[in-house]
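Novice: Mind looking over this structure? Questions follow.
The values are calculated or read from the model by the stated rules, or taken from the named source; none is laboratory data. The model shown is predicted, which means the values in this text are computed figures rather than measured ones. Quick reminder, even Gly has a Cβ in these numbers, built from the backbone with ideal geometry, and neighbours come from all protein chains shown. When the accessible area is computed, the model is the full protein with side chains, heavy atoms only, and any ligands, DNA or RNA have been set aside. Shrake-Rupley method; radii C 1.70, N 1.55, O 1.52, S 1.80 Å.
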Amino acid sequence: MGKYLPQKVLSFDKVPLITICLYALCFRSLTLPDTGPWLCQPAPRCGDQPYNPLEQCCHNDTILPLNATQLCVPNCIFYPCFQHCCLESLGSQNQAVVTFKVPGMKPDCRSSPISRICAQVSL
């Protein structure tokens with residue numbers, strides 16, 4: 001058989017120091033429960049609170065779970081993390097339209113893609 005050649009291995013006595021340096025540089029004073037590692041990127045904020053965009057969203061300065069629903073008009077539920085509820089006036093009638101949120105753009109009922117049109121509501 002051939003000779004065993006030792007390979008260079010990272011010394012385990014240096015790992016804690018490296019870990020401490022990464023935490024100091026990346027996380028600073030940020031603590032997020034159950035969010036996994038945030039590799040040197042600031043966590044998104046909702047108001048003054050950090051949140052995990054894989055599980056939550058920020059809607060009107062409130063952190064919501066991604067599956068949260070709200071009532072747009074009676075019998076018309078929407079997902080505020082992904083949709084907007086828009087009320088459009090048509091003379092004496094109001095029509096509720098649910099539109100999709102477009103990532104990276106400000107909410108705009110006129111230019112956002114329509115998800116569905118809800119019932120008309122009389123004034």
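Novice: Collect the residues in the stretch 45-67 that are in a loop (DSSP other than H, G, I, E, B), out of contact with any strand residue (DSSP E or B) (no Cβ under 8 Å at 6 or more places or on another chain) and at negative phi, keeping them in residue-number order.
Specialist: Asp48, Asn52, Pro53, Leu54, Asn67
Novice: Okay, next question. Could you tell me how many of the residues in the stretch 45-77 are touching a Leu at 6+ places or on another chain (Cβ under 7 Å) and either open to solvent by less than 70 Å² (accessible area, probe 1.4 Å) or of a type in the set (S, T, N, Q) (or both)?
Specialist: 4
Novice: Another question, if that's okay. Report, by residue number, each residue of the stretch 78-99 that is surrounded by fewer than 14 Cβ atoms within 10 Å (Cβ to Cβ) and part of a strand (DSSP E or B).
Specialist: Scanning the stretch 78-99 gives Leu87, Glu88, Ser89, Leu90, Gln93.
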